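Every number here is computed from the coordinates shown, using simple stated rules; none is lab data. Because the structure is a prediction, the values reported are computed rather than measured. Quick reminder, even Gly has a Cβ in these numbers, built from the backbone with ideal geometry, and neighbours come from all protein chains shown.
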Amino acid sequence: MNIVLVLKALSNERRLQILEWLKEPAKYFSSSHCDVSIDGVCVGLIEKKAGLSQSTISAYLAQLHQAGLITMERRGQWTYCKLNQPFIEQFIQELKTRI
């Protein structure tokens, strides 16, 4: 685990907000294509909710994914994102032991 990479990903207000949305996806998103609580949230829904460009959202999600904070799964033409809760719990424990 690269703690610095995780902390950098968390240092942006919008990326942190995306994580908050993914923590409770049914509260923030609805989709006729899938159950967002089980299947994850389509990148397009995140883009629409954030009101940012596709390229900005893609960059933010890539940073969160690279840090390990979210999982991304491609299904057909869509990519679905989910909070990586086990990793986040591991990160918190690692941080507690270090500082």
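Tabulated data
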{"read-out": "Over the chain, relative contact order from alpha-carbon pairs under 8 Å, at least 6 apart, %", "value": "28"}
{"read-out": "Projected label distance in nm at Glu24 and Lys96, using a 7 Å step from Cα toward the beta-carbon", "value": "2.3"}
{"read-out": "Label selected from (1) 15.3; (2) 14.9; (3) 13.8, the criterion being Kirkwood radius over Cα pairs in Å as computed here", "value": "(3)"}
